[in-house]
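The block underneath contains the structure these notes are about, expressed in structure tokens.
The values are calculated or read from the model by the stated rules, or taken from the named source; none is laboratory data. Quick caveat: nothing in here was measured; it's all calculated off a predicted structure. Here the Cβ positions follow ideal geometry from the backbone for every residue, glycine too, while neighbour counts run over all protein chains shown.
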Amino acid sequence: MTLLFEEKWDRTIAPRDRQMFQTIYEQNPIEKGRLKFVPVRAAFNHQGCVLASVCILNGTEDWLLQDRLLYYKEKDDVVAKERFTHDLIIPSMTAVPWTFIYHPNSFIQPPSLHNWDISL
């Protein structure tokens, strides 16, 4: 099992954030047969988009983000949905930090940024 930083992340991530993701990885073991999004932090940017940072734990076969519809939920209610087109590939039994950007036109209801998670 491995914690892997995508190339751009690896070049730009602050040491404190790198350590934070390392700790999250150590506290959340990858489960064979399961893909899990561990919430890290959510914020609004200057355009009103939700930036949802997670640690993706891939216990399945290689997982491709390309053309995936992912849901941003709060208290199990779907708040936003967005189709992602990045060509990120997460190898089996690997964890990868990632930030999903949900644009305002994807909001079903106003986000509060509390009790949130990401799901397929």
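Just checking: which of the strands (runs of 3 or more DSSP E) contained wholly in region 1-91 hold 3 or more residues that are among the charged types (D, E, K, R) and either at pLDDT 95 or above or out of contact with any strand residue (DSSP E or B) (no Cβ under 8 Å at 6 or more places or on another chain) (or both)?
68-74, 77-84
Residues that are surrounded by 14 or more Cβ atoms within 10 Å (Cβ to Cβ) and out of contact with any Pro (no Cβ under 7 Å at 6 or more places or on another chain) within region 25-51 comprise TYR25, ILE30, LEU35, LYS36, PHE37, VAL38, PRO39, VAL40, ALA42, LEU51, listed in sequence order. Is it true that VAL96 is surrounded by 18 or more Cβ atoms within 10 Å (Cβ to Cβ) and aliphatic (A, V, I, L, M)? The answer is yes for VAL96. Hey, TRP63 hits all of (1) surrounded by 13 or more Cβ atoms within 10 Å (Cβ to Cβ); (2) more than 14 Å from LYS36 (Cβ to Cβ) but one; which does it fall short on? Looking at each condition in turn, TRP63 falls short on (2). Close Cβ contacts (under 7 Å, 6 or more residues apart or on different chains) running from residues in region 67-85 that are surrounded by fewer than 16 Cβ atoms within 10 Å (Cβ to Cβ) to residues that are assigned to a loop (DSSP other than H, G, I, E, B) and of a type in the set (S, T, N, Q) comprise ASP67/THR85; LYS75/ASN115; THR85/GLN66.
Listed by first and then second residue, the pairs linking a residue in region 92-103 that is closer than 16 Å to ALA43 by Cα to a residue that is in a loop (DSSP other than H, G, I, E, B), with Cβ atoms under 6 Å apart and 6 or more places separating them unless they lie on different chains, are ILE101/CYS49; HIS103/CYS49. Within region 3-22, being exposed (fewer than 10 other Cβ atoms within 10 Å of the Cβ) and within 21 Å of ASP117 (Cα to Cα) holds for no residue.
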